[in-house]
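The values are calculated or read from the model by the stated rules, or taken from the named source; none is laboratory data. Quantities reported herein were computed from a predicted structural model and do not represent experimental measurements. When we count neighbours, we look across all protein chains shown, and the Cβ atoms used for this are built from the backbone with ideal geometry, even at glycine. Ligands, DNA and RNA are stripped out before the accessible areas are found, and what is left, the full protein with its side chains, is counted by its heavy atoms. Shrake-Rupley method; radii C 1.70, N 1.55, O 1.52, S 1.80 Å.
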Amino acid sequence: MAELATIARPYAEALYKSIGTDSAQALVDQLHAVGQVSADAQLRQFADNPKVTSEQVFDLVAAVAKVALSPKVANLLKVVIENGRLSALPEVDAQFRALVNASSGVSDATIVSAFPLDAAQLADTVATLEKRFGRKLNASVQIDESLIGGIRVVVGDEVLDTSIQARLEQMKVALTH
(Lines give C-alpha, C1' and ligand atoms only; values in the text may rest on other atoms or scores of the structure.)
Protein backbone atom coordinates (compact mmCIF):
# COMPACT_ATOMS: atom_id res chain seq x y z
CA MET A 1 0.00 0.00 0.00
CA ALA A 2 1.19 3.51 -0.77
CA GLU A 3 2.64 5.56 2.05
CA LEU A 4 0.03 7.64 3.91
CA ALA A 5 1.83 10.89 3.13
CA THR A 6 1.55 10.17 -0.59
CA ILE A 7 -2.15 9.37 -0.27
CA ALA A 8 -2.87 12.40 1.93
CA ARG A 9 -1.03 15.04 -0.09
CA PRO A 10 -3.62 15.53 -2.89
CA TYR A 11 -6.46 15.82 -0.38
CA ALA A 12 -4.60 18.40 1.72
CA GLU A 13 -3.57 20.41 -1.33
CA ALA A 14 -7.10 20.39 -2.76
CA LEU A 15 -8.56 21.67 0.51
CA TYR A 16 -5.82 24.29 0.76
CA LYS A 17 -6.47 25.54 -2.77
CA SER A 18 -10.18 25.81 -1.99
CA ILE A 19 -9.75 28.02 1.09
CA GLY A 20 -10.64 31.27 -0.68
CA THR A 21 -12.49 33.53 1.74
CA ASP A 22 -12.89 30.90 4.45
CA SER A 23 -10.91 31.28 7.63
CA ALA A 24 -7.94 28.95 7.31
CA GLN A 25 -7.70 28.52 11.09
CA ALA A 26 -11.35 27.45 11.32
CA LEU A 27 -10.72 24.78 8.68
CA VAL A 28 -7.53 23.68 10.46
CA ASP A 29 -9.46 23.23 13.71
CA GLN A 30 -12.31 21.34 12.03
CA LEU A 31 -9.98 19.07 10.09
CA HIS A 32 -7.93 18.41 13.24
CA ALA A 33 -11.06 17.34 15.14
CA VAL A 34 -12.11 15.01 12.31
CA GLY A 35 -8.53 13.70 11.98
CA GLN A 36 -8.39 12.89 15.70
CA VAL A 37 -11.64 10.94 15.46
CA SER A 38 -10.55 9.02 12.36
CA ALA A 39 -7.36 7.91 14.11
CA ASP A 40 -9.44 5.66 16.40
CA ALA A 41 -8.94 1.98 15.55
CA GLN A 42 -12.50 0.99 16.48
CA LEU A 43 -13.93 3.66 14.19
CA ARG A 44 -11.78 2.48 11.29
CA GLN A 45 -12.87 -1.10 11.96
CA PHE A 46 -16.50 0.08 11.83
CA ALA A 47 -15.81 1.97 8.58
CA ASP A 48 -14.20 -1.11 7.01
CA ASN A 49 -17.32 -3.21 7.63
CA PRO A 50 -18.91 -3.86 4.20
CA LYS A 51 -22.42 -3.66 5.70
CA VAL A 52 -21.85 -0.06 6.83
CA THR A 53 -22.62 2.71 4.34
CA SER A 54 -20.38 5.70 3.79
CA GLU A 55 -23.24 7.94 5.02
CA GLN A 56 -23.28 6.06 8.33
CA VAL A 57 -19.52 6.47 8.69
CA PHE A 58 -19.77 10.18 7.83
CA ASP A 59 -22.56 10.72 10.35
CA LEU A 60 -20.62 8.91 13.07
CA VAL A 61 -17.37 10.82 12.45
CA ALA A 62 -19.19 14.17 12.32
CA ALA A 63 -21.08 13.41 15.53
CA VAL A 64 -18.03 12.25 17.46
CA ALA A 65 -15.91 15.20 16.26
CA LYS A 66 -18.36 17.57 18.02
CA VAL A 67 -17.59 20.50 15.70
CA ALA A 68 -19.75 22.12 13.05
CA LEU A 69 -18.17 21.19 9.73
CA SER A 70 -17.88 23.72 6.95
CA PRO A 71 -19.09 22.51 3.55
CA LYS A 72 -15.47 22.14 2.39
CA VAL A 73 -14.38 19.94 5.29
CA ALA A 74 -17.63 17.95 5.11
CA ASN A 75 -17.05 17.36 1.38
CA LEU A 76 -13.46 16.31 2.00
CA LEU A 77 -14.61 13.87 4.69
CA LYS A 78 -17.22 12.37 2.35
CA VAL A 79 -14.68 11.92 -0.45
CA VAL A 80 -12.11 10.36 1.88
CA ILE A 81 -14.69 7.92 3.26
CA GLU A 82 -16.04 7.01 -0.20
CA ASN A 83 -12.51 6.32 -1.45
CA GLY A 84 -11.69 4.13 1.57
CA ARG A 85 -8.98 6.51 2.79
CA LEU A 86 -10.22 7.24 6.29
CA SER A 87 -6.92 6.02 7.76
CA ALA A 88 -5.12 8.79 5.84
CA LEU A 89 -7.18 11.59 7.40
CA PRO A 90 -4.78 12.29 10.32
CA GLU A 91 -1.98 12.73 7.75
CA VAL A 92 -4.24 14.98 5.63
CA ASP A 93 -4.73 17.07 8.78
CA ALA A 94 -0.97 17.32 9.38
CA GLN A 95 -0.19 18.25 5.77
CA PHE A 96 -3.01 20.80 5.58
CA ARG A 97 -1.81 22.42 8.81
CA ALA A 98 1.73 22.57 7.38
CA LEU A 99 0.46 24.26 4.18
CA VAL A 100 -1.52 26.86 6.14
CA ASN A 101 1.39 27.49 8.51
CA ALA A 102 3.87 27.88 5.64
CA SER A 103 1.68 30.43 3.90
CA SER A 104 1.24 32.48 7.05
CA GLY A 105 4.84 32.21 8.32
CA VAL A 106 3.78 30.35 11.46
CA SER A 107 5.16 27.10 12.85
CA ASP A 108 3.71 24.62 15.33
CA ALA A 109 5.75 24.27 18.50
CA THR A 110 5.45 21.58 21.14
CA ILE A 111 6.69 22.67 24.54
CA VAL A 112 7.35 19.76 26.88
CA SER A 113 7.66 20.88 30.48
CA ALA A 114 8.23 19.10 33.76
CA PHE A 115 5.56 21.27 35.39
CA PRO A 116 2.36 22.95 34.18
CA LEU A 117 2.84 26.46 32.80
CA ASP A 118 0.38 29.20 33.72
CA ALA A 119 -0.78 31.70 31.08
CA ALA A 120 1.86 34.33 31.94
CA GLN A 121 4.72 31.81 31.89
CA LEU A 122 3.50 30.40 28.59
CA ALA A 123 3.22 33.86 27.03
CA ASP A 124 6.77 34.77 28.16
CA THR A 125 8.13 31.44 26.95
CA VAL A 126 6.45 31.75 23.55
CA ALA A 127 7.70 35.32 23.12
CA THR A 128 11.27 34.21 23.88
CA LEU A 129 10.99 31.21 21.57
CA GLU A 130 9.59 33.34 18.73
CA LYS A 131 12.70 35.52 18.97
CA ARG A 132 14.94 32.44 19.11
CA PHE A 133 13.33 30.69 16.12
CA GLY A 134 12.62 33.89 14.18
CA ARG A 135 8.96 33.19 13.43
CA LYS A 136 5.51 33.16 14.99
CA LEU A 137 4.68 29.96 16.88
CA ASN A 138 1.48 28.08 17.65
CA ALA A 139 2.47 26.49 20.94
CA SER A 140 1.01 23.44 22.61
CA VAL A 141 2.19 22.26 26.02
CA GLN A 142 2.75 18.71 27.20
CA ILE A 143 3.77 17.65 30.69
CA ASP A 144 6.60 15.13 31.18
CA GLU A 145 7.75 14.88 34.79
CA SER A 146 10.80 12.82 33.74
CA LEU A 147 12.43 16.08 32.53
CA ILE A 148 12.89 17.00 36.23
CA GLY A 149 12.98 20.71 35.33
CA GLY A 150 13.34 23.02 32.34
CA ILE A 151 11.67 22.55 28.96
CA ARG A 152 12.14 20.79 25.64
CA VAL A 153 10.81 22.60 22.57
CA VAL A 154 10.19 20.97 19.18
CA VAL A 155 9.57 23.26 16.21
CA GLY A 156 9.47 21.29 12.98
CA ASP A 157 12.74 19.38 12.87
CA GLU A 158 14.49 21.68 15.36
CA VAL A 159 14.77 20.72 19.03
CA LEU A 160 15.81 23.01 21.88
CA ASP A 161 16.35 20.95 25.03
CA THR A 162 17.08 22.90 28.23
CA SER A 163 15.75 20.22 30.57
CA ILE A 164 17.60 18.97 33.64
CA GLN A 165 17.31 15.45 32.22
CA ALA A 166 19.26 16.51 29.09
CA ARG A 167 21.93 18.23 31.15
CA LEU A 168 22.36 15.15 33.33
CA GLU A 169 22.64 13.01 30.20
CA GLN A 170 25.34 15.36 28.84
CA MET A 171 27.27 15.09 32.12
CA LYS A 172 26.96 11.32 32.05
CA VAL A 173 28.38 11.18 28.53
CA ALA A 174 31.19 13.56 29.46
CA LEU A 175 32.13 11.53 32.53
CA THR A 176 32.08 8.14 30.78
CA HIS A 177 34.31 9.21 27.86
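Checked against the criterion of being aliphatic (A, V, I, L, M) and either under 17 Å from residue 70 (Cα atoms) or open to solvent by 40 Å² or more (accessible area, probe 1.4 Å) (or both), the candidates 5, 39 yield just one match: 39.
Residue 61 - would you say it is closer than 25 Å to residue 17 by Cα and among the hydrophobic types (A, V, I, L, M, F, W, C)? Against the criterion (closer than 25 Å to residue 17 by Cα and among the hydrophobic types (A, V, I, L, M, F, W, C)), residue 61 qualifies. Looking only at region 120-145, count every residue that is polar (S, T, N, Q) and either at positive phi or open to solvent by less than 60 Å² (accessible area, probe 1.4 Å) (or both) and tell me the total. Of the residues in region 120-145, 2 are polar (S, T, N, Q) and either at positive phi or open to solvent by less than 60 Å² (accessible area, probe 1.4 Å) (or both). Counting the residues of region 132-177 that are under 22 Å from residue 104 (Cα atoms) and touching a residue at least 12 places away in the same chain (Cβ under 8 Å) gives 14.
Name the single residue, out of those in region 104-131 being outside any strand (DSSP E or B) and touching a residue at least 40 places away in the same chain (Cβ under 8 Å), that is nearest to residue 157 (Cα to Cα). Of everything passing the filter in region 104-131, 104 is nearest to residue 157 (Cα to Cα). The listed residues are 77, 60, and the only one of them that is in contact (Cβ under 8 Å) with a residue 40 or more places away in the chain and surrounded by 15 or more Cβ atoms within 10 Å (Cβ to Cβ) turns out to be 77.
Considering region 127-142, and only residues there that are within 17 Å of the chain's Cα centre (by Cα) and among the aliphatic types (A, V, I, L, M), the residue that is nearest to residue 98 (Cα to Cα) turns out to be 137.
Scoring residue 91 on the criteria (1) at pLDDT 95 or above; (2) surrounded by 19 or more Cβ atoms within 10 Å (Cβ to Cβ); (3) not in a helix (DSSP H, G or I) leaves a single failure, condition (3).
In summary, residue 101 fulfils each of the numbered conditions (1) open to solvent by less than 40 Å² (accessible area, probe 1.4 Å); (2) in contact with a helix residue (DSSP H, G or I) (Cβ under 8 Å, 6 or more places away or on another chain) with the single exception of condition (2).
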